[in-house]
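Structure first, then comments.
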Amino acid sequence: MSNIIKKTSLILIGVIAGMMLSLNFSAIAKKDNFEAIHPLPIEELRTFAQVFGRIKSDYVETVEDKKLITEAINGMLVGLDPHSSYLDKDEYKELQIGTQGEFGGLGIQVTMEDGVVKVISPIEDTPAFRAGIKTGDLIVKLDDTVVKGMSLNEAIKLMRGKPKTSIKITIVREGESEPLVFNLVRDIIKIQSVKSKMIEPGYAYIRITQFQEQTGENLATAIKTLFAENSGSMKGLILDLRNDPGGLLNGAVAVSAAFLPENSLVVYTEGRSADAKMKLHANPEYYLRGPDEDYLKGLPAEVKTVPMITLVNGGSASASEIVAGALQDHKRSIVMGSQTFGKGSVQTILPLGNNTAIKLTTARYYTPNGQSIQAQGITPDILDETGNNDEQRLREADLNRHLSNGKKTEKKSALESNKAEPKPASEKKEKKNKDKKNKAPIEFGSEDDLLLKQAMNYFKGIVIPPGKTSNTKTES
């Protein structure tokens, strides 16, 4: 048996080494400056081959080579950070469909932590949102299948499915003594990227729910419509990025470019490879895909100067943080709300052939003034927790294996701070009762939206109650 394993190990080391060498040569051939090939970790590859051989010969059931290698690839990527992953044919296709804003499922942004699926945020106007699923909920069962031991991609596959089909989700929620069971019906998750309205004459409201392929064009249409509807001059514009989980980078650049002077720096990235070092400006070449006509051309000139407030919270992540950071650094907009999520890393989709790909973290985002967004987020100019139930919200810094900030010591997340300073039992009980009474989520932009009212008060010079806001900007 040992001879068989040794032979298998040698063969596998040869195969793996050959594959890695050919990949290295292929990558090097594409670069202008030919880099030296790093020596292969022979001892580690030998161990890998030995484990592979043991599984093939001794595991209780026969396992296909394809499954073992796929799981090994998964393990390599999942072990890096919460956002890198392997995409099989179905997952790669779903990713491409998702950027277009329409897919079948429940409408939940999730991550994997300690073997269970944790809810980052429910998406507005979806089955999960309407049912009352909340940030921080732990999904422990899908129908009768226990989640523990699944990969994140496997759990997502179970949650997605044909519209009008049902699924039972069992959730563990902090403060609840027993698991909660939700019976949800899958639907077409068609996300309306841009919503807009006139709050009152002279004051416009634009909400971006997610950055998709058509976000820039939809924003341009909304701006033109709002300025055409308004009689007289525009006195204020509110850009709402709360609970916006991000999306496509070019969409973030387009949104920023709509409000910033031409050629203003929007964001820059830093990574190890030359391709990962980018500077993106408010210019059509950085947000248009292909030779299309510039949809931001012809916007009312007033949109570059109208007073602005950008609303954010702990659910504002990635592309929405890029926009908030760019508008803040260029002093184009006041940012109001609570500390954002802190997802400041770049994921590049690298096709592998056979319609599979890997999603690999390749760089960090930085605001125009050089602030790293990663595991920090954007600190509002006016810190206002009104209407934001962010106390128990999950943030990037709470995720296992999250990428470090890269420039400075990270701040404590809200969850870590609460762990360090537990609240009295009476206060916990009071909060629990309050949560039970207010299960229906508040619709952003509605009459019940308290932070929106605070923004309007600020525009009109009405004094905001003390203890709720701070007009002093704190550096993130």
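Before moving on, here are some points about what is shown:
- In this structure, Gly315 qualifies as over 23 Å from Leu226 (Cβ atoms), at pLDDT below 90, in contact with a Phe, Trp or Tyr (Cβ under 8 Å, 6 or more places away or on another chain) and assigned to a loop (DSSP other than H, G, I, E, B).
- Matching residues in region 133-150 - criterion: being surrounded by fewer than 15 Cβ atoms within 10 Å (Cβ to Cβ) and either assigned to a loop (DSSP other than H, G, I, E, B) or at pLDDT below 90 (or both): Asp143, Asp144, Lys148, Gly149
- Meets criteria (farther than 21 Å from Glu217 by Cα, under 19 Å from the mean Cα position of the chain (by Cα) and in contact (Cβ under 8 Å) with a residue 24 or more places away in the chain) for Ser338: yes
- Any hit, region 304-321, residues being surrounded by fewer than 20 Cβ atoms within 10 Å (Cβ to Cβ), free of Cβ contacts under 8 Å to residues at least 40 places away in the same chain and not β-branched (Val, Ile, Thr): no
- Test: Ala222 is assigned to a helix (DSSP H, G or I), within 26 Å of Thr386 (Cβ to Cβ) and either of a type in the set (Val, Ile, Thr) or open to solvent by less than 40 Å² (accessible area, probe 1.4 Å) (or both): yes
Okay, residues lined up against (1) outside any loop (DSSP other than H, G, I, E, B); (2) out of contact with any Lys or Arg (no Cβ under 7 Å at 6 or more places or on another chain); (3) open to solvent by 20 Å² or more (accessible area, probe 1.4 Å):
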position: Glu217; (1), (2), (3): yes, yes, yes
position: Leu239; (1), (2), (3): yes, yes, no
position: Ala252; (1), (2), (3): yes, yes, no
position: Leu280; (1), (2), (3): yes, yes, no
position: Gly290; (1), (2), (3): no, yes, yes
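- With respect to (1) more than 27 Å from Ala252 (Cα to Cα); (2) part of a strand (DSSP E or B), the lone exception for Gly104 is condition (1).
- Where Lys343 falls short, out of the listed (1) buried (at least 17 other Cβ atoms within 10 Å of the Cβ); (2) not in a loop (DSSP other than H, G, I, E, B): (2)
- Thr126 falls short on exactly one of the conditions (1) under 20 Å from His402 (Cα atoms); (2) touching a Gly at 6+ places or on another chain (Cβ under 8 Å), and that condition is (1).
Every residue, every condition in (1) touching a strand residue (DSSP E or B) at 6+ places or on another chain (Cβ under 6 Å); (2) in contact (Cβ under 8 Å) with a residue 40 or more places away in the chain, yes or no:
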position: Lys343; (1), (2): no, yes
position: Val346; (1), (2): yes, yes
position: Gly353; (1), (2): no, no
position: Ala363; (1), (2): yes, yes
position: Thr367; (1), (2): no, yes
position: Ile373; (1), (2): yes, yes
position: Glu385; (1), (2): no, yes
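- Number of positions in region 182-200 that are surrounded by fewer than 18 Cβ atoms within 10 Å (Cβ to Cβ), among the hydrophobic types (A, V, I, L, M, F, W, C) and within 26 Å of the chain's Cα centre (by Cα): 3
- Number of the exception - Glu178 against (1) part of a helix (DSSP H, G or I); (2) without any contact (Cβ under 8 Å) to a residue 40 or more places away in the chain: (1)
- Subset of region 363-386 (residues that are closer than 20 Å to His281 by Cβ and either open to solvent by 40 Å² or more (accessible area, probe 1.4 Å) or of a type in the set (A, V, I, L, M) (or both)): Ala363, Arg364, Asn369, Gln371, Ile373, Ile378
- Checking Gly247 against (1) closer than 22 Å to Val335 by Cβ; (2) surrounded by fewer than 22 Cβ atoms within 10 Å (Cβ to Cβ); (3) not charged (D, E, K, R), the condition it does not meet: (2)
- Residue identified as over 19 Å from Asp114 (Cβ atoms) and surrounded by 15 or more Cβ atoms within 10 Å (Cβ to Cβ) among Ile167, Ile156: Ile167
- Residue in region 30-45 that is under 33 Å from the mean Cα position of the chain (by Cα), open to solvent by 100 Å² or more (accessible area, probe 1.4 Å), among the basic types (Lys, Arg) and at pLDDT below 90 present: yes
- Leading residue by the ranking (farthest from Gln374 (Cα to Cα)) among those in region 52-85 that are hydrophobic (A, V, I, L, M, F, W, C), assigned to a helix (DSSP H, G or I) and open to solvent by 80 Å² or more (accessible area, probe 1.4 Å): Ile69
- Inclusion of Asp125 among residues that are in contact (Cβ under 8 Å) with a residue 12 or more places away in the chain, assigned to a loop (DSSP other than H, G, I, E, B) and open to solvent by 50 Å² or more (accessible area, probe 1.4 Å) is warranted.
- Condition broken by Leu311, with the remaining ones in (1) touching a Gly at 6+ places or on another chain (Cβ under 6 Å); (2) more than 21 Å from Gln210 (Cα to Cα) satisfied: (2)
The values are calculated or read from the model by the stated rules, or taken from the named source; none is laboratory data. Given the structure is predicted, the values throughout are model-derived calculations rather than measurements. Ideal geometry is used to build each Cβ from the backbone, glycine not excepted, and the neighbour counts take in all protein chains shown. Just so you know, the surface numbers come from the protein's heavy atoms only, side chains and all, with ligands and any DNA or RNA stripped out. Shrake-Rupley method; radii C 1.70, N 1.55, O 1.52, S 1.80 Å.
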